[in-house]
Amino acid sequence: MLEKKNGFTLVELLVVIAIIGVLVGLLLPAVQSAREAARRMQCSNNLKQLALSVHNYADTHRKTPYGSLNWVGVTGRHGCNPEWPYLLHYLLPFMEQRQYHDLLPWLDRRTTICPWMPGGKTAFPDAVQGVAINAWICPSDTQFGGTFPGGAGSFGSMHGIKPPQIGTNGPILAVSNYLGVFSGLNDGEARSEPASRKGAFRMNTARSFAEFTDGTSNTFLMVEYLRGYSTDHRGFIYTNRASSQYIYPTNTPNSSNPENLLNHFLWCGAGSPGSQPRQNLPCVPGGTDANFASARSRHTGGVQVGSADGSVRFASNGIDLITWRNLHWLDDGQVIGDW
């Protein structure tokens, strides 16, 4: 009598492998979904901390921080002596980043060197070069990065830092996925500030929460934006432009409509990555006053927004444009329904 041997036949083995392959195929999307949920939660927490930091700043100084400080007339209309102290800079002491803040005492001294100029690196201490602020970064925005030309090191926008200009001795500084809401629908209106379109922040001026007459729960402080490529200025807060400091509700979240960015190789001009609709970075080059950037993210279906009451919500791509804009204005008197 032949002895029966235990084991798998080739057919059985192939069936088991096929079943395992199917299970892995089913499991991977769930794993990716769980990871994105965790990243989105961290992103929401970052926005929450920023919104609360605005309140802590206001409790100390009786006003919100300047949206952006700009001494006009020192080196021209948008003089950079300095041009770049941004609201996120003022919030650093309230986010356990006082050391970083104190290394950049722009209120106490002026410099004739803009960060994008040749030699701009000298305006920034070595201690802040190549240092990212994790609380400014949404972990879902990991699509781009890379190595800076000129041997600057293996840094990229995915690491939360970015150079201001390729081919110059510029500083490598922190970038942000969270930009403050400014008045109007473009850079021109941010300066003129139409009465019916006042945003939470403005240039050279602090606000009181008493000005938020539409209600702090009905007014945005900050929204998400994409950091772009390592070779452009999107998300680079040390220069005073749409997509770098300023954000507007000109388009709804993640709109396919192109943004109007500065006609310069660091934004959307010749030599820049330019319009990249497939990467959710569509743009057209334009003149200064017409420049605008609107909320964008790597989250599926929308962006996260931080309101003036300290809450964080998810705004769908399909939100009504009028409602979206009304949520950006602090005293337009419009009734806000569900969104």
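Residues checked against (1) surrounded by 12 or more Cβ atoms within 10 Å (Cβ to Cβ); (2) out of contact with any helix residue (DSSP H, G or I) (no Cβ under 8 Å at 6 or more places or on another chain); (3) modelled with pLDDT under 80:
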{"site": "Val11", "(1), (2), (3)": "no, yes, yes"}
{"site": "Val15", "(1), (2), (3)": "yes, yes, no"}
{"site": "Asn46", "(1), (2), (3)": "yes, no, no"}
{"site": "Asn81", "(1), (2), (3)": "yes, yes, yes"}
{"site": "Thr111", "(1), (2), (3)": "yes, no, yes"}
> Say we look at segment 298-313 and pick out the residues that are among the aliphatic types (A, V, I, L, M) and part of a strand (DSSP E or B); which of these is farthest from the chain's Cα centre (by Cα)?
Replying inline: Val312
> Before we move on, is Ser256 hydroxyl-bearing (Ser, Thr, Tyr) and farther than 24 Å from Cys43 by Cα?
Replying inline: no
>> Looking only at segment 199-213, filter to residues that are of a type outside the set (Lys, Arg) and either in contact with a Pro (Cβ under 6 Å, 6 or more places away or on another chain) or not in a loop (DSSP other than H, G, I, E, B) (or both); which one of those is nearest to Trp267 (Cα to Cα)?
In response: Met203
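If you check Phe124, Phe155, which single one turns out to be hydrophobic (A, V, I, L, M, F, W, C) and modelled with pLDDT under 65?
Details: Phe124 fails: modelled with pLDDT under 65.
Going through Phe124, Phe155 in turn, the sole match is Phe155.
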> Restricting attention to segment 314-332, which residues are crowded, with 21+ Cβ neighbours inside 10 Å, part of a loop (DSSP other than H, G, I, E, B) and touching a strand residue (DSSP E or B) at 6+ places or on another chain (Cβ under 6 Å)?
Replying inline: Leu327, His328
> Any idea how many residues of segment 214-242 are in a loop (DSSP other than H, G, I, E, B) and either without any contact (Cβ under 8 Å) to a residue 60 or more places away in the chain or over 10 Å from the mean Cα position of the chain (by Cα) (or both)?
Replying inline: 13
> Of the conditions (1) modelled with pLDDT of 95 or more; (2) out of contact with any Gly (no Cβ under 7 Å at 6 or more places or on another chain), Gln276 fails just one. Which one is it?
Replying inline: (1)
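The values are calculated or read from the model by the stated rules, or taken from the named source; none is laboratory data. Remember, predicted model here, so these are calculated numbers, not experimental data. Note that each Cβ is placed from the backbone with ideal geometry, even for glycine, and that neighbours are counted across all protein chains shown.
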